[in-house]
1. Determine the shape class of the range 181-332: with a ≥ b ≥ c the square roots of the Cα gyration tensor eigenvalues, call it rounded for a/c under 1.5, and otherwise prolate if a/b is greater than b/c, oblate otherwise.
2. Can you tell which of V340, V164, G250 lies farthest toward the positive end of the dipole of the chain, using +1 and -1 charges on the Cβ of basic and acidic side chains (Lys, Arg; Asp, Glu)?
3. Return the carbon/sulfur percentage of the accessible area of the range 138-183, one whole number, probe 1.4 Å, all protein chains in place.
4. How big is the accessible area of E368 in square angstrom, nearest 10, if you roll a 1.4 angstrom probe over the protein chains?
5. In whole percent, what relative contact order does the range 132-290 give with Cα contacts below 8 Å and a gap of six or more residues?
6. I want to check a number: in the chain, how many lysine pairs have alpha carbons closer than 21 Å, given a sequence separation of 8 or more or different chains?
7. What is the percent of Cα-Cα separations in the chain that go past 36 Å?
8. By how many degrees, between 0 and 90 and to the nearest 10, does the Cα long axis of helix 357-368 differ from the longest principal axis of the chain?
Amino acid sequence: MAISRNLSIYITLAVLHLTTSCGAPTERVNDPGNLRAFVGGTVIDGTGAAPITNAVIIVRDGRIETVGTVGEEIVPPDADVVDTSGKFVVPGMINAHGHVGGTLGMEGNHYSRENVLRQLRLYGRYGVTTVLSLGGDEEPGVQVRDEQNIPGLDRSRLFVAGTVVTGDTPEAALKLVEQNAALGADFIKIRVDDNLGTIDKMTPTVYKAVIDRAHELKLPVASHLFYLDDAKGLLESGTDFVVHSVRDQGVDDELSQLLIENDVCYSPTLAREYVMYAYEEIPSFFDDPFFLVEADPAVLEQLKNPERMESVANSPTAQRYKAALSQAQENLQTLSQAGVTIAMGTDTGPPTRFQGYFEHLELALMAEAGMSPMDILVSATGHAARCIGREDIGTLQNGRWADLVVLDKDPLESVENFRSIQSVWIAGSKLPATEADAN
């Protein structure tokens, strides 16, 4: 795989975060379990390599020390042994496009440290152990991020983009870039979209100025887009990450080559299209126990309101996004088969986009688009880590943080089996199974 032209950006950010992680610990830290061994399961390491059966993973101080097989690896006698016989051990999923901290129930604008931590723990219980939050991020989120490089972490990891960059002029947009850099953002997120023709779209002059300045600041740029022509323009201008599907028409070889030659990842966020029309009726997942275990009944009742459902069903915008999902899935299949690097992302976080559960819904939509279970697993783990510039998570390899999920069923048989979560571990520490257990 080609080395990203912005690898130096990512290395700089990684060093910065390691050096700034010595502040106060998170509010609740589990027993870190200095030495732990996961023994007997089948390991699917997130690189695309063949599974390792009868495997041993040795974790010391929250990081993976060794991955091997029973008989070849000696389990230290003082290790805390976790029996994973008959189970499947995979890296925790990485959501390469989410939003964290702003939503309570059906309302936004509730950003707080408490809400950031609550949502990260929710993601974690669903096996999503890292989230790149692409917009709406504030100082409490930056503080939470800076506290996460420790053993025994009790919630998912977070990386942030600050305020989404928009603007009619370079001056207006660059002001936001500088504010985000001062905040300590990991990415700059720009929005190049006209909301189906209802608003003005950022011009090439503006987004080229933003991309150039972000790179001067050693910050990678994630681009929200809708149209094929904008995708090509943004890639030619140097964007580092495409964080929505092309949805206006079929993609072509030119786009595939631009993505591949520039080593730019593509995050399809199919669940975002689905949610735009999903509540025109009572969706089938409202009966799914895997969803209901974390769902707020009051929110569900609001979404079941007949007048609300009728409004969505009669919305031309909702129906256009329904068509856009079909186009997005077709384009995902084309790009994936062409060899473009796909990073799982969902755009979860705003009201009605249910964090944790919708990541599993995204996997199902990716499978519908024709991706194999192994390709989907890698897109949600190893590839997603690389696409967000992280070399210390995403795969079960020596030196990585021990962020892993133990499953009862084989995820390579069906992506539905990602839902068979037996336990979730972050930095070598087991997460509580429910919110009540954590309190």
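1. Numbers: a/c = 2.16, a/b = 1.79, b/c = 1.21.
The shape class here is prolate.
2. The Cα lying farthest towards the positive end belongs to V164.
3. On the way: 890 of 1670 Å².
Result for the range 138-183: 54 percent of the exposed heavy-atom area is carbon or sulfur.
4. Here the residue's solvent-accessible area equals roughly 130 Å².
5. On the way: 236 pairs, mean separation 24.6, N = 159.
Once divided by the residue count of the range 132-290, the mean separation gives 15 percent.
6. Count of close lysine pairs: 15.
7. On the way: 21531 of 96141 pairs.
Of the Cα pairs, 22 percent sit more than 36 Å apart.
8. Compared with the principal axis, the helix lies near 80 degrees.
The values are calculated or read from the model by the stated rules, or taken from the named source; none is laboratory data. Nothing here was measured: the structure is a model prediction, and the numbers come from that model. For neighbour counting, all protein chains shown are included, and Cβ atoms are generated from backbone atoms with ideal geometry for every residue, glycine included. The protein model used for the area step is the full one, side chains on, heavy atoms only, and it has no ligands, DNA or RNA in it. Shrake-Rupley method; radii C 1.70, N 1.55, O 1.52, S 1.80 Å.
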